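Data block below; observations after.
The values are calculated or read from the model by the stated rules, or taken from the named source; none is laboratory data. Here the structure is a predicted model, which is why all the values come from computation and not from measurement. Note that we place each Cβ from the backbone using ideal geometry, even for glycine, and neighbour counts take in every protein chain shown. Just the protein is used for accessible areas: all its heavy atoms, side chains included, with ligands, DNA and RNA removed. Shrake-Rupley method; radii C 1.70, N 1.55, O 1.52, S 1.80 Å.
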There are 2 protein chains.
Amino acid sequence: MSLNSSSDKRHAILLVCDGLGDRPSVGGKTPLQAAHTPHLDALSDAGINGLMDVIAPGIVPGSDTAHLALFGYDPYRHYPGRGVFEALGADMELCAGDVAFRANFATVDEQLRVIDRRAGRMGSKELARALNGLELQGVSISLVHTTQHRCAVVMKGEQLSKYVSDMDTHRAGDVLQDCKPLRAGEAERRTAAIVNAFVKRSYEILNEHPVNADRKRRGEPPANIILLRGAGSYEPVPSLKARFGVSAACVAGASLYKGVAKYLGMKLIHAEGATGRADTNLQSKAEAALRALKEHDFVFVHVKETDNDAHDGDFEGKKRIIEQIDQELVARLQEADAYLAVTGDHSTPVSLKRHSSDPVPLVIRGEGVRRDRVKNFDEISVASGGLGRIRGVDLMPILADYMGYYIMYGT
Amino acid sequence: MSLNSSSDKRHAILLVCDGLGDRPSVGGKTPLQAAHTPHLDALSDAGINGLMDVIAPGIVPGSDTAHLALFGYDPYRHYPGRGVFEALGADMELCAGDVAFRANFATVDEQLRVIDRRAGRMGSKELARALNGLELQGVSISLVHTTQHRCAVVMKGEQLSKYVSDMDTHRAGDVLQDCKPLRAGEAERRTAAIVNAFVKRSYEILNEHPVNADRKRRGEPPANIILLRGAGSYEPVPSLKARFGVSAACVAGASLYKGVAKYLGMKLIHAEGATGRADTNLQSKAEAALRALKEHDFVFVHVKETDNDAHDGDFEGKKRIIEQIDQELVARLQEADAYLAVTGDHSTPVSLKRHSSDPVPLVIRGEGVRRDRVKNFDEISVASGGLGRIRGVDLMPILADYMGYYIMYGT
């Protein structure tokens, strides 16, 4: 296999709408079928369409593994664990061997029963600073506050392992469970012990902290403990540039997606008001993507809101955000002199309120694609398109070849 | 990867019509296209359709490997050899390391030339008993008569191997060939020697047996030797319950399919008059399946007759049995409050009278499937359906996710 590039190279934009795929529900239609999407439909009409199993048929993707696959990385081989992406997304430095976690402020009582898993969804930069830089058993621990109750934690030191259990019970009222080793090794035992010591220390520091005294006085739940989960072990991977030859940039609001992008060597582009929440500024993302195209071959644009509505079972909300994406993002992105691909990272049917294995729709528009007979961008129409049914890891090599960066095997 | 289940779980029926797929022949149509199948067509209209390569494109499946794949087991990794399924289907006990064979009564002359490979298709429980329980070189040998001339044989002892050659020459008139080791190992040499000693002993016992004296007197071919083939080595595999979380049952007539089902931990359900032959009672199978659904999440229903007619090159016969399946089985099964999937285990084109690699048609009907534009259940119509072209091992994860038992990778 060899990496090649033609003299006539082109740019590409990949727009990933999180949890976009769905199942028929209201009126026998999916939100994508029900939504009025003239620009997406025009893409389908002019482009090549198909279905994509982001990981494999019947396998339900997580958002993290799904994005690895979408960028051409076999998630069974290259998945470092969620914590790594959270830490990278929070702009923390990682070296080979570091272990990283997702973390969140929670509220516990004196018996360490979990009263509120999310401490009223309120974190605090000041509380985070009080925990940042601790050293336990020769391991230095960094903690950064990201959004709401969420943080990222990085442990640096000898003999650490990602094979330790999550501490978040996902259920209020339970007594906090210890972190346990998931494999029978010294590194696993040691890491679990450090996690437990850190969590205990976090309670001692936070419970007495003046910020929490204020919160209690105001009747708010104190953010008096840190819970860790999603342990990941950082190992460098070959960048998108090394794999496909393209220089890549990312326009995303939520830290997970920024973390995946950074892990793969993409440049993070700031879009004013891009939050990963319902109040996100899609026009600002569109403009940031078009600016990024001037300096990069490949721009990944992520929109989180489709998934949020689907997890809430909100058909109308998902339909509405799809229409907004069509009007504010697709309409603008299609003006670029670049390939434009639109897809999802997984399906989140509103009828299930969870991820499902249903394949996601995919359209690619641009110079020379085999324009098929599909006229509408939805889960049913694209099934008879020219792409057939592919896998997530196939997408990036296909896009790269359209762009003039191609992997050749044989002569 | 983690196994999950939703609070809202559902049941499913998988109907496998053996050798269902075909190629166009009489009038340019396949038997499935030519048959009048209102109920199957209604399933296709309401459901999601596609083509399935049961093993892989271009690979011709055996019935045994095909069924492993249909239940989500990679047949290249989990295939123990045909004899294991035959022995399990004959309700014989197997432990790890046991070697099992398909066997059949045959007729040989005094020079051990094979006169009739199937001894007039007539076996005998009494002759089987005369051979059951022999001990040779420390290996105990069980033999059970199944149907017609067919038996299953199990060898229990140290150092046995499945890598020995078949004894059935598939051609009358040839002198019986010795069983030979297929690998250069002590276990292979030893197993082949025991097989040869057993076959010789079977001739000594059977040729002089009063049952055969009677048969000779009546001008029938004596069943005076046992031929072994299809050696398999039993190793336990994770059950369907362990893999997908579903409790599973099987309604089948022929022993191979019962054997595969038992191998994967399914409960065998008796259907009165279900024989695996042309006189099988399809209504009885339908009722047995509906009864089984009350206690199991997943019910596998197997019909053998489609394959038998195809092997005989009988277009009209295959078309007729398809119409009978539509009327007597599908019409009834579709009344169940469950997902209903209909497919084949491989194609057996009547024009070839053998299995072929042509993909099989597949339809899945039930809550939330992405209803596509396919209106007829046949090899051509389903090709433009919402499932596209999948593989056999994909089917079970897809069905499990519909049922609310899903495999998730990532977070």
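Computed quantities for the displayed model
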item	result
7 Å along Cα→Cβ, label-point gaps from residue B:138 to other copies, nm, shortest first	5.2
Solvent-accessible area per residue for segment B:86-232 (1.4 angstrom probe, square angstrom)	46
Selected from B:112, B:88, B:68 as most flexible by GNM, with chain B as the system and alpha-carbon contacts under 10 Å	B:112
Residue among A:299, A:237, A:393 with the largest mean-square fluctuation in a Gaussian network model of chain A, springs linking Cα atoms under 10 Å	A:237
Innermost chain B residue relative to the axis carrying B onto A, by Cβ distance in angstrom	B:384, 3
GluC sites (Glu not before Pro) within segment B:304-336, DSSP loop, no more than 11 other Cβ atoms inside 10 Å	B:335
Carbon and sulfur %, accessible surface of chain B computed with the full protein complex present, 1.4 Å	47
Gain in span if fully extended, residue A:337 to residue A:270, counting 0.36 nm per residue against the direct Cα distance	22.0 nm
Computed FRET value (nearest 0.05) for residue A:287 with residue A:239, which takes r as the C-beta separation and R₀ as 35 Å	0.85
Mean-position separation - Cα centroids, segment B:296-342 and segment A:305-357, in angstrom	40
Cut-off 10 Å between beta-carbons: net charge of the residues surrounding residue B:244, Lys and Arg +1, Asp and Glu -1	0
Pairs from B:9/B:258; B:156/B:216; B:29/B:262; A:180/B:162; B:318/B:375 whose Cα-Cα separation, in the structure shown, is over 32 Å	B:156/B:216; B:29/B:262; A:180/B:162
Label distances, nm, residue B:265 versus same residue in remaining copies, Cβ-directed 7 Å point	4.4
Alpha carbon centroid spacing (whole Å) that separates segment B:159-238 from segment B:16-84	32
Sparse-neighbour loop sites [GluC sites (Glu not before Pro); segment A:143-242; at most 14 other C-beta within 10 Å; DSSP]	A:158, A:208
Computed FRET value (nearest 0.05) for residue B:208 with residue B:137, which takes r as the C-beta separation and R₀ as 22 Å	0.40
Inter-copy label distances at residue A:370 (7 Å, Cα→Cβ; nm, one decimal)	1.9
20 Å tail of the calculated P(r), segment B:86-232, as % of Cα pairs	42
Cβ-based net charge around residue B:372, under 14 Å, with every Lys or Arg adding one and every Asp or Glu removing one	+4
Rounded to the nearest 10 Å², the accessible area of residue B:293 at probe 1.4 Å	20
Members of segment A:38-62 that become less accessible by 30 Å² or more once partner protein chains are added (1.4 angstrom probe, chain alone as reference)	A:57, A:58, A:59, A:60
Summed side-chain charge close to residue B:69 - residues other than residue B:69 whose Cβ falls under 11 Å, Lys, Arg +1, Asp, Glu -1	-3
Solvent-accessible area buried by B and A, counting both chains, probe 1.4 angstrom, square angstrom	2300
Residue B:408 accessible area, assembled protein chains, probe 1.4 Å, Å²	40
